[in-house]
Amino acid sequence: MAEQHEKAFQLQQGIFQNSKLTQKKGGVKRWYCDVGLGFKTPKEAIEGTYIDKKCPFTSGTISIRGRILKGVVVSNKMKRTIVIRREYLHYIPKYNRYEKRHKNLSAHLSPAFIGVEAGDLVTVGQCRPISKTVRFNVLKVQKKIVKGVGAKQFTKF
């Protein structure tokens with residue numbers, strides 16, 4: 001049985017949950033897909049029991065199209081949503097120099113990615129608007145690599 005933590009019963013769209021059929025075949029059917037663009041489907045999305053209608057790997061309604069961006073996780077305090085910081089350099093022609101700038105971006109974090117913490121490098125893909133501020137979905141997570149002494153160093157990835 002899938003993890004039921006919401007008030008409404010959660011089920012995957014298009015999967016018939018007949019207890020007689022699942023007992024004969026020895027397991028619950030699970031639908032998953034490949035998002036394409038060279039990103040692998042996480043093992044947790046294939047073998048897991050979570051149900052997330054905003055996950056690009058287990059939902060047929062979310063498709064990745066548009067921009068693919070990278071950023072560093074700043075906050076994961078929201079439920080299934082993370083804040084990503086993208087740093088870049090902006091050129092000032094008058095002084096012939098660059099200045100540091102950044103943008104924060106909200107992205108949906110699928111339950112397929114376990115243990116994402118602040119400082120991890122994530123790759124996100126653009127999708128349809130999921131909520132007021134969320135327009136991106138996490139596709140890949142790279143754990144934080146500690147190099148250097150300063151905690152707030154500017155890194156160009």
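Some points to look at:
- Selection status of Lys24, open to solvent by 80 Å² or more (accessible area, probe 1.4 Å), modelled with pLDDT of 85 or more and not polar (S, T, N, Q): no
- Listing of strands (runs of 3 or more DSSP E) fully contained in the stretch 37-149 that carry 3 or more residues being hydrophobic (A, V, I, L, M, F, W, C), over 26 Å from Glu6 (Cα atoms) and open to solvent by 40 Å² or more (accessible area, probe 1.4 Å): 68-78
- The single residue among Asn137, Asn104, Asn96 that is among the polar types (S, T, N, Q) and closer than 28 Å to Gly48 by Cα turns out to be Asn137.
- Condition met for Ser106 (at pLDDT 95 or above and under 11 Å from the mean Cα position of the chain (by Cα)): yes
The values are calculated or read from the model by the stated rules, or taken from the named source; none is laboratory data. Not measured: the values here are computed from a predicted model. We work out accessible area using only protein heavy atoms, side chains counted, and drop any ligands, DNA or RNA first. Shrake-Rupley method; radii C 1.70, N 1.55, O 1.52, S 1.80 Å.
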